[in-house]
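Novice: Please read through the structure below; I'll follow up with questions.
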Amino acid sequence: MEKDELRQALHLGKIAQVGFVVRDLSQSIKNYQEIIGIGPFTTLELRPEKSFIKDRKPDFHLKIGFAQLTEELALELVEVVGGEPYHKDFLEKHGEGVQHLGFVTDEYDQVLKRADKLGIEVLMWGEADVPGAGHIRAAYLDTSNLMGVVVEVIEMG
């Protein structure tokens, strides 16, 4: 399948975040604010009420920091606190850096079905009530072999 066909078939929605995996969220936030002036950050701890991780225990615990870069695009910093999410694999293989691009969609279930039909696997998903953001569902699609980065599909509601 050609790239244009793939983009149209997935119909991911609008890009909303660039996600970095970091070793120490507090230190990373400090560095981003003091060295390059990105911030302020909103932080939260995430332990999804419902989750799935391909080939492993589905429980995980993350610390996350968000900084709005533009009205439509945020920087997300993710620290693994516990469990075995794919963020941990990324950190072990590549070190800190860009791990995913997050897309907000109103067609969450449909995007996952379209990805499945295209042979793109779901690596992990989580569902949780997030203070200030409401009920969130998010899934990582295994697009790293296509783009060198994972795609996250996010439903906010």
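Every number in this text was worked out from the coordinates using simple rules, so none of it is lab data. Everything numeric in this text was worked out from a predicted model, so none of it was measured. Virtual Cβ from ideal backbone geometry, glycine too; neighbours counted across all protein chains shown.
Novice: Where in the chain are the helices, taken as whole DSSP H runs, whose Cα atoms extend 15 angstrom or more along the long axis and whose Kyte-Doolittle mean reaches at least 1.6?
Specialist: Membrane-span-like by this criterion, though nothing is claimed about a membrane: none.
Novice: Something else now. Return the distance in nm (one decimal) between the two label points of a simple spin-label model at residue 14 and residue 130, each offset 7 Å from Cα along Cα→Cβ.
Specialist: Once both label points are built, they end up 1.6 nm from each other.
Novice: Follow-up. Counting pairs of alpha carbon atoms under 8 Å apart in space and at least six apart in sequence, what relative contact order in percent does the chain give?
Specialist: 26
Novice: What net charge do the residues around residue 98 carry, taking every other residue with its C-beta under 14 Å from that of residue 98, with Lys and Arg at +1 and Asp and Glu at -1?
Specialist: Residues near residue 98 contribute -2 overall.
Novice: Follow-up question, since we're still on this one. Looking at the square roots a ≥ b ≥ c of the eigenvalues of the Cα gyration tensor of region 1-73, which shape do they give, rounded for a/c under 1.5, prolate if a/b is larger than b/c, or oblate?
Specialist: Oblate shape, in that a/c is at least 1.5 and b/c is the bigger or equal ratio.
Novice: If you don't mind, there's one more thing I want to ask. Could you tell me the number of lysine pairs in the chain with C-alpha atoms less than 25 Å from each other, where the two lysines are 8 or more residues apart or belong to different chains?
Specialist: Total qualifying Lys-Lys pairs in the chain comes to 24.
Novice: Size of region 3-156 along its principal axes in angstrom, Cα-based, largest extent first?
Specialist: Result, largest extent first: 44, 34, 32 Å.
Novice: I would also like to ask the following. Only four residue types carry charge here, +1 at the Cβ of Lys and Arg and -1 at the Cβ of Asp and Glu. Report the dipole size of region 3-156 about the Cα centre in Debye, rounded to the nearest 20.
Specialist: Dipole of region 3-156, to the nearest 20 debye: 220 debye.
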